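Data first, discussion second: the structure below is written as structure tokens.
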Amino acid sequence: MTEWIQKEMMVAMNKVREQTPLVPSITNTVTINLVANAQLAVGGSAAMVYLPDEGESLAKLGQSFYINVGTMFPIYQESLPRTVQALVANQTPWVLDPVAVGLGELRTSLLASFKQGKPNIIRGNASEIIALAGLWGLSGGAKDSQVKGVDASEPVEQAIPAAISLARWTNGAVAVSGERDIITDGHKLAFSSGGSSFYEKITGAGCSLGGVCAVYQAVTTPFIAALTASTLYNVAGKLAEQQATGPASFQQHFLDQLYQLSPSQVASHPFELKEVSE
């Protein structure tokens, strides 16, 4: 199983670099630059939008789509539902990053409405995953999960039941980011370590990971896409930290690593795989 997964990860990376899939985003305005640059570095084509008609149109044109609710504006009350409806109608795969779920009425109501849209990949920290499962009324969730802004207050392992529930509901995959990332499709769990302490010193590490998940989602299954992106970030972050002298140079070296790393370098990074009991 592990060898097959590694092979599929390499296939996904090569396909993206060969096909340059269009992956539009409605994303956090604080991190929009890094999200776009990371998508470009791995081989995708980025398009950052926020207007309702543009989101709706690109939901039909893109090979995948990324939605990140990190910053909320009144127009999103129209933009996000119209975009998600178009994604579902056109069967376009999409990735959701439920940043700061539970903070504010607009963010909460929009995230609640996304339950029926069933995103193919959900990426977040442990607190966000637990809170989203609680908002959607799924097992393992808790509506009072302590989301502290965009930071997690619960350990990654505590989010495993919620991640499994979310993945089974969507029939997709969930990636929980932390010191040791957890990726699940509801039937198997992958654990991947690496990354860098500099991720906490720049804006957009997690947001851009969601954007890269969406790029790989354009060419492969949700589980392989989420695992490939998470593993790539663990390898690239580790190597970039060795070259960096601070957060600014880290970001530069990190983007270079996303661009330069070979599929075999990423796929050979060790991960642990476990079956989930039904």
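The values are calculated or read from the model by the stated rules, or taken from the named source; none is laboratory data. Source: prediction; values computed, not measured. Backbone-built Cβ (ideal geometry, glycine too); neighbour counts: all protein chains shown.
For the residues Thr2, Thr31, the requirement of being touching a Gly at 6+ places or on another chain (Cβ under 7 Å), under 29 Å from Phe254 (Cβ atoms) and β-branched (Val, Ile, Thr) singles out Thr31.
Entry remark, the range 78-133: residues being in a helix (DSSP H, G or I), within 16 Å of Ile182 (Cα to Cα) and not aliphatic (A, V, I, L, M) number 2 in total.
Condition check for Gln242 on (1) free of Cβ contacts under 8 Å to residues at least 40 places away in the same chain; (2) over 26 Å from Gly134 (Cβ atoms); (3) touching a helix residue (DSSP H, G or I) at 6+ places or on another chain (Cβ under 7 Å): one failure, at (3). Selection of first residues in the range 187-209 that are without any contact (Cβ under 8 Å) to a residue 60 or more places away in the chain and within 12 Å of Ser230 (Cβ to Cβ) and of second residues that are among the basic types (Lys, Arg) and in a helix (DSSP H, G or I), restricted to Cβ pairs under 8 Å at least 6 apart or on distinct chains, gives the following pairs, ordered by first then second residue: Gly195/Lys238. Looking at Ser262, Ser268, Ser277, just one residue is modelled with pLDDT under 95, over 23 Å from Thr27 (Cβ atoms), over 17 Å from the mean Cα position of the chain (by Cα) and of a type outside the set (Asp, Glu), and that residue is Ser277. Among the residues of the range 169-205, those identified as in a loop (DSSP other than H, G, I, E, B), farther than 19 Å from Ser127 by Cβ and under 15 Å from the mean Cα position of the chain (by Cα) are Gly172, Asp185. The conditions of being crowded, with 24+ Cβ neighbours inside 10 Å, over 16 Å from Trp136 (Cα atoms) and in contact with a strand residue (DSSP E or B) (Cβ under 9 Å, 6 or more places away or on another chain) are not met by Leu96.
Pairs meeting the criteria (first residue in the range 113-140 and basic (Lys, Arg), second residue part of a strand (DSSP E or B), beta carbons under 6 Å, at least 6 apart or on different chains) are Arg123/Asp97; Arg123/Ala175. Screening the range 1-20 for residues that are assigned to a helix (DSSP H, G or I) and hydrophobic (A, V, I, L, M, F, W, C) and picking the one that is farthest from Ser64 (Cα to Cα) gives Trp4.
Looking only at residues in the range 224-278 that are touching a Gly at 6+ places or on another chain (Cβ under 8 Å) and over 17 Å from Ser208 (Cα atoms), which one is surrounded by the most Cβ atoms within 10 Å (Cβ to Cβ)? Looking at the filtered set, the residue picked out is His269.
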